[in-house]
1. How large is the Kirkwood hydrodynamic radius of the range 528-672, counting all unique pairs of alpha carbons, in Å?
2. Just subtract the alpha-carbon distance of residue 559 and residue 267 from 0.36 nm times their residue separation and send over the number in nm, one decimal.
3. Which FRET efficiency, nearest 0.05, do residue 476 and residue 569 yield, Cβ-Cβ r, R0 51 Å?
4. Using a Förster distance of 60 angstrom, determine the FRET efficiency expected from the C-beta separation of residue 395 and residue 543, and round it to 0.05.
5. With a 1.4 Å probe and all protein chains in place, put 292, 79 in order of accessible area, largest first.
6. So how much slack lies between residue 445 and residue 153, counting 0.36 nm per residue of separation and subtracting their Cα-Cα distance, in nm?
7. I want to make sure I understand the PRE zone here: with the label point 7 angstrom from the Cα of residue 207 toward its beta carbon, which residues in the range 285-306 have backbone N atoms less than 15 Å away?
8. Over the Cα atoms of the range 198-299, what is the Rg over Rh ratio if Rh follows Kirkwood?
Amino acid sequence: MLEFCGLSAQRADALREAQREILQMIARNAPRPQVLRRLCELVEGMGPPDARCSVLLVGGEPMRLRTGAAPSLPPAYCKAIDGILAGPAQGSCGTAAWRREPVIVEDIATDPLWEHYRDLALAHGLRACCSIPVFGAGSRVLATFAIYYAAPRRPAQHELALLQTAVALASVVIEQARTEEQLKESWTKLELAQNIARLGYWEREIASDRMHFFGETNAILGLPASISVDRTVFEAHVLEEDRHVLAWSEKEAAGGRVPGPMAFRIRRADGSVRHLFAQHRLLEDASGAPLKMVGTLQDVTEQRQTEHTLHHYLSQLAFLAKAARKVNSSLSVEELLQAIADNARSLVDARVAVAVILADEDGTRALERRSVSGRRAGGSAPDETWLEVPIVSGDGRLLGSIRVTDKEEGEFTANDERVLTQLADLAAVGLENARLYAELEARVRRRTQELEQSNRELEAFSYSVSHDLRGPLRAIAGFASLLREQHCESLDAQGRHYLERILAGTQRMSALIDDLLELGRVTRVEIRRADVDLTEIARTVVARLCEQAPQRAVEVTIEDGCRVHGDPRLMEIVLENLLDNAWKFSAGRAPARIGFGARSFAGGHAFYVRDNGVGFDLRYASNLFGVFQRLHAAEEFPGTGVGLATVQRIIQRHGGRIWAEAQVERGATFYFTVAEG
């Protein structure tokens, strides 16, 4: 899970679900083209709308790239690039395979790496490409995973993290397919060997009960060619617990019935146990009486071991799919390491597993954390067999290693190394996710602390405004009032005018302080959402305005059924400010017209407050919602310039937006939306 700079929780969950789906397809043995196609579709679905992905399989000498999956790329483009050589200037994919490192081309039209394929790509609407090599066991380049864009750009950090996850999954898919192909090839060779191999032959005369052995029977039993093998010698090599199989076959033949194939074990002269498979037929004389039984002997030990290996590997893959869910659900490094160690031990039947990560990304410092799973039974001496695979990030950085020791039975196999490498790839993705998650948590904590500090400073400022500024303001207003009451007659007209200006200024300052405190409060207050009847609030506000100015001729239209899920008190502040403005700026109209309602837009549902007042020039609309920003003179339309800023803060805190449409002298309409909480 993967942020990217920091993946969001939603993206991380989607990424985990995609990983789970791909691993389940692998466990079900879905065809490789189908799995790779689905992987491309999942990455495209989590990327930008113009993202198109491809997987090009790498192979041959010289190294060529063949289309493995490209569900959204134009077929003509895929056909044209199918089979291109890897090289230093072969587009993003050919160069990535050649360099064995990610290649990011932000603009195909200008990048020299696309010189030979530029016209082809541009003709199909491809302008940018990021390609990452897919590595398998032994750091062999298996393929490239690429994402194309329709416009010049560089992949975002979360897109790169998504690609690294896709690369790790592609490695699992391709490695499994190649392993199955190798196993099928082994089966074919084994069948061919069985057809041309020298077999042991035997025959048994029914009447005399004598048996004769021919062909490669001596080699099968591990005996020199000089020793004559008869029934006594042969049965002496059959394991005692399997001799009943031979007895049953003889009983069937004596009864005139054709016995079926036999499978039993022998112990060779060197002490090794081998699995044999015998087929035989009953020969009859002219009268139909049993005459003799003839058959073949074949050593099928290697075949049985191959079947066991295949079954065990498929079980390992199924277990790996389950382990992926555990690894992907571990959010801390400690939990992840423990999960890796536990699953590594179970995956390859080891007694001890150690998962280690390095302290620094460059791997130059000592080991930082380690986790051990399992103990040697009974304190037995350690087995010297061990297997270790590196944990390498998608960009080639060494992150740590997984080491297993003391296998329960036998020695570690190539399949063990293969599945352990796939677990290491999953571990690399998990470690990256864990680190990104830790970084995200640290950022959240830091931002939370900064926000809390900002709120504390804002509260301190509000306290200062409320107490420190109001004191001097009350003194100015008080003494100015006393001067007007007690010494008004001693002042000339100009002095009285100055006195009135002082009193008006104190009133305006007081209102401004109130509005600033209200702006700070709506920014900090906790939102408590409920079902709010905006229609009823609008009617209450308009009724108050009519009571304050009964002489005005105003036509008010309020639409029924306007409801929203928001904070009731904050929604009331929004409508009070918007309707107060509509009432104020339509004062010169006869009659004034004010309306409130709702309408649908392409982007959703919005509410509006409309008037036929003085309006404003839309060129200055950007100043509407700034603190102290006014488009009209205070002498003509009184106000503090804080109301619309307060409205905007409230709407933004509800996840919505607010905007206005207007014409000079033809009124204004303010629209706002509220996100469903």
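The values are calculated or read from the model by the stated rules, or taken from the named source; none is laboratory data. In this text the structure is predicted, and so the values were computed from the model without any measurement. All Cβ positions, glycine included, derive from the backbone under ideal geometry; neighbour counts span all protein chains shown. Areas reflect the complete protein model, heavy atoms only, side chains present, ligands, DNA and RNA absent. Shrake-Rupley method; radii C 1.70, N 1.55, O 1.52, S 1.80 Å.
1. Kirkwood radius, the range 528-672: 15.5 Å.
2. Extra length available between residue 559 and residue 267 comes to 95.5 nm.
3. Values: r = 32 Å, r/R0 = 0.63.
My answer for the efficiency is 0.95.
4. 0.35
5. In descending accessible area the options line up as 79, 292.
6. 101.9 nm
7. 285-293
8. Working: Rg = 13.5 Å, Rh = 14.0 Å.
Taking Rh as the inverse mean 1/r over Cα pairs, Rg/Rh reads 0.97.
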